[in-house]
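In what follows, a single structure is set out as structure tokens and then discussed.
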Amino acid sequence: MTKYQLVATAAMGLESIVADELKALGYHTRTDNGKVYFEGDERDIAKTNLWLRVADRVKIVAGSFPAKTFEQLFEGVKAIEWEKYLPVDAEFPVTGKSVKSKLFSVPDCQAITKKAIVERLKGHYMRLGFLEETGAKFKIEISILKDIATLTIDTSGAGLHKRGYRLDQGEAPLKETLAAALVYISKWNPNRPFADPFCGSGTIALEAAMIGQNMAPGYNRDFISEEWPWIKSSIWNDVRMEVEDVANYDQPLQIFGSDIDHRMVEIAQSNAREAGFADLVSFKQMQVTDFTTTLSDGVMIGNPPYGERIGEKETIEKMVQDMGKMMNKYPTWSVYMLSSMENFEELYGKRATKKRKLFNGFIKTDYYQFWGKKS
């Protein structure tokens, strides 16, 4: 097996959680903005794709070098041993980005990168003319930041948030990776009851269920690197068998989701069926203020509407006020709410124990954490 420099990409503010996930899987990490670096072989590529809940993608870092001119870029790309990764018939689309760099034309950088890789492969495989890109796909990215070019190959394909269970969704769905992060931050464990009173398509509740039963988030999907000739199918089969072995399907769960919109509840139920949690996670149509429970030491996590539309703000503010009063009846429950409303604590009626800045897509939000009393 070969050792590769790997990087797990993450949304801003979630890097430390991805680093914790990787450490729990046994890797040494180094964190940068939106990236967590680690080393691994072919088996680790399969393992991290299957297991990382909060990362966006797992990529191979093929090379990095200074590039202030197109000539430097061409020679730097050509010097990378692309034959280690790409077979002669590889399909390799190149995407790019450039930030605070002299080489700012992304289309030119992409074209030069592509040309340099073609030259390298033609030399290695002793080919004249065109390379037929009829084989497995290798998605390459050229990223230039402050005149340093970094070349990566995506091992995931579709983003890791695409678990494979979401058949349908609402207008502003929460990404599965962010939903998993919200559960991680809450320190919820499967012995505690769990509720999401704004469940939408059920994402937070279903991510909690997967965490609760120690199910790998990638168990129900494919990855682009499964098609690569140098990662044997036996590696993927072994890792998938391990995933199956450690899943705790007998772990009982008390997970409940509700939403005011009956259509969303139906979507959440169909997503739960697809994920294999139809009997374990229950969904019901109701408004948050109708929440009642006889259980203690629970965790409530939600992503309430942000009141961005005209006329919605007052309704949502009243709902947050009412929710705060209602949850006073359940002092042992911990409440975690993701909101862009800056006056959320004031409306809720108390100061959060902790707040954490997170981005929901491009929306800047706070994750308000109201810890319950020990019963």
Taking the stretch 188-207 and keeping only residues that are touching a residue at least 24 places away in the same chain (Cβ under 8 Å) and closer than 21 Å to LEU52 by Cα, one is left with TRP188, PRO190, GLY202, THR203, ILE204, ALA205, LEU206, GLU207
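Would you list the strands (runs of 3 or more DSSP E) that sit entirely within the stretch 1-85 and hold 1 or more residues that are of a type in the set (S, T, N, Q) and more than 30 Å from MET210 (Cβ to Cβ)? Working first, answer last.
Details: elements: 4-9, 30-32, 35-40, 57-66.
Fully inside the stretch 1-85 and qualifying: 57-66.
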Suppose the filter is touching a strand residue (DSSP E or B) at 6+ places or on another chain (Cβ under 7 Å), in contact (Cβ under 8 Å) with a residue 60 or more places away in the chain, not β-branched (Val, Ile, Thr) and not assigned by TED's automatic domain parsing to the domain that holds LEU206; does LYS114 pass it? no
So which of SER334, SER296 ends up being in contact with a helix residue (DSSP H, G or I) (Cβ under 8 Å, 6 or more places away or on another chain) and among the small types (Gly, Ala, Ser)? SER334
Residues being part of a helix (DSSP H, G or I), surrounded by 13 or more Cβ atoms within 10 Å (Cβ to Cβ) and over 28 Å from the mean Cα position of the chain (by Cα): count how many of those fall in the stretch 322-365. 8
Might you let me know whether the stretch 56-76 holds any residue that is over 24 Å from ILE144 (Cα atoms) and either at pLDDT below 95 or of a type in the set (A, V, I, L, M) (or both)? no
Out of the residues in the stretch 150-184 that are assigned to a loop (DSSP other than H, G, I, E, B) and aliphatic (A, V, I, L, M), state the one that is nearest to LYS97 (Cα to Cα). ALA158
Provide a single number: the residues in the stretch 127-152 that are surrounded by fewer than 21 Cβ atoms within 10 Å (Cβ to Cβ) and touching a residue at least 40 places away in the same chain (Cβ under 8 Å). 15
Report whether or not ILE80 is crowded, with 19+ Cβ neighbours inside 10 Å and modelled with pLDDT of 95 or more. no
Residue count, the stretch 245-264, condition within 23 Å of the chain's Cα centre (by Cα) and either of a type in the set (Asp, Glu) or in a helix (DSSP H, G or I) (or both), comes to 2
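Yes/no per residue for (1) touching an Asp or Glu at 6+ places or on another chain (Cβ under 6 Å); (2) surrounded by fewer than 18 Cβ atoms within 10 Å (Cβ to Cβ); (3) of a type in the set (S, T, N, Q); (4) within 22 Å of THR293 (Cα to Cα):
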position	(1), (2), (3), (4)
ASP196	no, no, no, yes
ASN220	no, yes, yes, no
PHE223	no, no, no, no
SER233	no, yes, yes, no
MET241	no, yes, no, no
ASP250	no, yes, no, no
Restricting to the stretch 86-100, name every residue that is small (Gly, Ala, Ser) and either touching a Leu at 6+ places or on another chain (Cβ under 7 Å) or part of a strand (DSSP E or B) (or both). GLY96, SER98
Kindly list the number of the only condition in (1) more than 22 Å from the chain's Cα centre (by Cα); (2) at pLDDT 95 or above that fails for LYS23. (1)
Where TYR85 falls short, out of the listed (1) over 23 Å from GLU226 (Cα atoms); (2) surrounded by 15 or more Cβ atoms within 10 Å (Cβ to Cβ): (1)
If you scan the stretch 268-321, which residues turn out to be in a loop (DSSP other than H, G, I, E, B) and under 24 Å from the mean Cα position of the chain (by Cα)? GLY276, PHE277, ALA278, LEU280, ASN303, PRO304, PRO305, TYR306
Can you list residue pairs whose Cβ atoms sit under 6 Å apart, with the first residue in the stretch 42-67 being of a type in the set (D, E, K, R) and the second being in a helix (DSSP H, G or I) and surrounded by fewer than 23 Cβ atoms within 10 Å (Cβ to Cβ)? Count only pairs 6 or more apart in sequence or on different chains. GLU42/ILE235; ARG43/ILE235; LYS47/VAL239
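The values are calculated or read from the model by the stated rules, or taken from the named source; none is laboratory data. Here the structure is a predicted model, which is why all the values come from computation and not from measurement. Please note: Cβ atoms are built from the backbone with ideal geometry, for glycine as well, and neighbour counts cover all protein chains shown.
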